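Data block below; observations after.
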Amino acid sequence: MTSKRLLSAYVVVMMVFLALPIAVVIPSAFSAGSDLSFPPQGFSLKWFAAILERPAILAAAWNSAAIAVVATAVSLVVGTLSAFALRRYRFPGRAALATLFMTPLVFPAIVLAAAIAMVLAPLGLIRTFQGLVLAHIVIVLPYVVRTVSATLAEIDKAWEEAALTLGASPWEGFRTITLPLLRPGLVAGATFSLIISFDEFTISLFLVGSGMMTLPIEMYNYAEFSLDPTLAAVSTLLILLTTLAVLAVERTVGLGKQFA
Amino acid sequence: MSTNAKGVSLAGIVKWYGKVQAVRGVDLDVAPGEMVSLLGPSGCGKTTTLRMIAGLEVPDAGEIRIGDARANDVPPWKRNIGMVFQNYALFPHKTVAENIAYGLVMRRLPRAEIATRVADAMRQVQLSGLDDRVPSQLSGGQRQRVALARALVTRPDVLLFDEPLAALDRKLREQMQVEIRQLQRAVGITTIFVTHDQDEALTLSDRIVVMEGGRIVQSGTPGEIYERPGSHFVSDFIGMMNALRATVLGREGDGRLRVRMEPGGRELLVTGPAGMDAGAAVELMLRPEKVRLNPPAAPGTIEATGTVAHVVYLGPVTYLHVRTADGVLIAMLPNAEGGGAQPRQGEAVSIGWRAADMVCFAPPDDA
Ligand SMILES: Nc1ncnc2c1ncn2[C@@H]1O[C@H](COP(=O)(O)OP(=O)(O)OP(=O)(O)O)[C@@H](O)[C@H]1O
Ligand SMILES: [Mg+2]
């Protein structure tokens, strides 16, 4: 009995702890005052309007969105093909390749950042959109490979073979059987990929520069000079977007499965 | 439809998986409209052989012909076959009707024709009304029927089964065996059925092909395979057998072998394969149903007395394990109407069998 009550208390404390930053940031965005302090003074929407007067933030947001979309699109194609190769075929070096795909997940981000910068610099890709996209592909690909291959593991090879014996070419079989069954993994992988790319800081820091900023870094720069609730307003919008995306995934495919 | 059924022929088929030779030179001719079972123990290459006929595996040597055409280089989707997989392999995201329609959709038939053919097929396998269920909402027997309908609805040249009934309980399995056989006869389709269940092979087949270690060891009608097994392996694999040890003494003028049973020392004449020298150890195989209780004296009948060591009652029949001077023999006795008394354990009995019902084989290598 007591242990059960202790557990409940623990859960409540943890939830408060995790939610605290959000509980602070959202009210701050609606503050009528002019510094980033808690509790907020009064209520207004002026800081949301203020975002529109910051072209640097808008441009960075646009860059981040474009990078996230392109990196995700490429990762979905490459990740799906890789997951297929790793799951369905036996070839020399398969285990090594599988490990290689997962390294960005466990490598210290700062080491990876330096390494990527050293590769991209001689290619003239620093401070370019393409360079950022390439770097983000490296970061998000493991998530796509992971979610897709977890889903692929549930797809019986016999279903694809049954399609072949019924007159479907391999491509038709893939399109009508494998792809629809793969959709939950693709949706989940794409969602993670979009969120992670949009939020990426460490590696992008080595690759951005004037004229090519991403939103997290632009926000960091902004915070260095002025701590007004504009940042809280931007953060609130990001929280809203992320929540909507996660809810959409949960509704369509169920997130729990991807972590089970 | 039986008029355009196509035969299948395999010549010298070999298949390697890495260093494992799964199929070691299989020759097999299946006549148009014939139902053939591939029967054998686990790992003998049945599935591999079937998958090569389907085109899902490519043979390393040999030729596969379907009808008059060489099929080796024809991919599965162009072979016009139907296959029922071991776990049915129904598409989980499609309804029963969509599953059955799949092959017709891939053949780009007009919608109206697809609808009528699917409805016909569903009626044929007694699935009408289940159109909109998905596979997870079906019982094992219903899934089996969907798989069957899906394979048949495209009017394939050949129908292939890979142990489709293994997952069903015994009663349903026996019922499906009869249904599959009736449907196969009605459609007249050439059928190859993989199983490791001898009863299934006996029930279903025009012809049984027994495989061992990647090779065909015997091919014949169920009666031939059961009554005249060609090797120790086949006789032991199909049905129950008494295996009695004996030593060859020599060959008679009429070709029969004179053997001495061990223990017991009884001498008798049996038919046996060529190339058995005096002194060779052999086993005499005898079906339990050929052993009779209190046999009438007749020429050629071998009699023995012994005590009942064990009794197995199985409803229609009882098996008696009788310990005699010739070793332990199992006798299968029909249970008389009204449950007449069978001998009990420990009772002294007299049994007999005809020497002509015994077949002599060299014992298996590992014996
Ligand atoms: N994909 C594969 N890779 C490697 N070896 C295989 C493969 N498929 C089958 N084998 C091997 O080939 C041999 C024949 O296998 P096969 O599946 O044809 O046997 P089977 O007669 O169908 O047995 P079962 O009754 O157990 O299904 C076995 O030794 C098996 O281990
Ligand atoms: Mg098999």
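The values are calculated or read from the model by the stated rules, or taken from the named source; none is laboratory data. Predicted, not measured: the structure shown is a model, and the values here were computed from it. Neighbour counts are summed over all protein chains in view; Cβ atoms, including those assigned to glycine, are modelled from backbone coordinates with ideal geometry.
So here's what we get for this one:
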quantity: Qualifying position, being surrounded by fewer than 18 Cβ atoms within 10 Å (Cβ to Cβ) and either away from ligand 1 (no atom under 12 Å from the Cβ) or polar (S, T, N, Q) (or both), among B:Gly82, B:Gly12; calculated: B:Gly12
quantity: For A:Gly189: the one exception among (1) in contact (Cβ under 8 Å) with a residue 12 or more places away in the chain; (2) assigned to a helix (DSSP H, G or I); (3) in contact with a strand residue (DSSP E or B) (Cβ under 9 Å, 6 or more places away or on another chain); calculated: (3)
quantity: Residue under evaluation A:Ala117, criteria (1) at pLDDT 95 or above; (2) away from chain B (no Cβ under 14 Å), criterion not met; calculated: (1)
quantity: Scope segment B:155-190; condition within 16 Å of ligand 1 (Cβ to nearest atom) and on the phi > 0 side of the Ramachandran plot; matching residues; calculated: B:Glu163
quantity: Residue in segment B:210-227 that is surrounded by 22 or more Cβ atoms within 10 Å (Cβ to Cβ), part of a loop (DSSP other than H, G, I, E, B) and more than 16 Å from ligand 1 (Cβ to nearest atom) present; calculated: no
quantity: Subset of segment B:41-87 (residues that are within 11 Å of chain A (Cβ to nearest Cβ) and either part of a loop (DSSP other than H, G, I, E, B) or of a type in the set (D, E, K, R) (or both)); calculated: B:Arg51, B:Gly55, B:Leu56, B:Glu57, B:Pro75, B:Lys78, B:Arg79, B:Asn80, B:Phe85, B:Gln86, B:Asn87
quantity: Restricting segment A:148-207 to residues that are small (Gly, Ala, Ser) and in contact with a Lys or Arg (Cβ under 6 Å, 6 or more places away or on another chain), the residue that is farthest from the other protein chains (Cβ to nearest Cβ); calculated: A:Ser149
quantity: Options B:Ala297, B:Ala348: the member that is out of contact with any His (no Cβ under 8 Å at 6 or more places or on another chain), in the same structural domain as B:Leu249 (by TED's automatic domain parsing) and modelled with pLDDT of 85 or more; calculated: B:Ala348
quantity: Residue among B:Gly7, B:Gly25 that alone is touching a residue at least 60 places away in the same chain (Cβ under 8 Å), more than 16 Å from ligand 2 (Cβ to nearest atom) and either within 14 Å of chain A (Cβ to nearest Cβ) or closer than 11 Å to B:Gly62 by Cα (or both); calculated: B:Gly25
quantity: Close pairs (6 angstrom Cβ cut-off, 6 or more residues apart or separate chains): under 20 Å from B:Ala274 (Cβ atoms) in segment B:220-240, of a type outside the set (D, E, K, R) and assigned to a helix (DSSP H, G or I) anywhere; calculated: B:Pro229/B:Ser235
quantity: Hey, A:Ser37 outside any helix (DSSP H, G or I), among the hydroxyl-bearing types (Ser, Thr, Tyr) and farther than 26 Å from A:Glu160 by Cα or not; calculated: yes
quantity: Lone qualifier among B:Gln142, B:Gln198, B:Gln137, B:Gln124 - being within 16 Å of ligand 2 (Cβ to nearest atom) and either surrounded by fewer than 21 Cβ atoms within 10 Å (Cβ to Cβ) or over 17 Å from the mean Cα position of the chain (by Cα) (or both); calculated: B:Gln198
quantity: Breaking point among (1) in contact with a Ser or Thr (Cβ under 9 Å, 6 or more places away or on another chain); (2) farther than 16 Å from B:Gln86 by Cβ; (3) within 16 Å of ligand 2 (Cβ to nearest atom), for B:Ile189; calculated: (3)
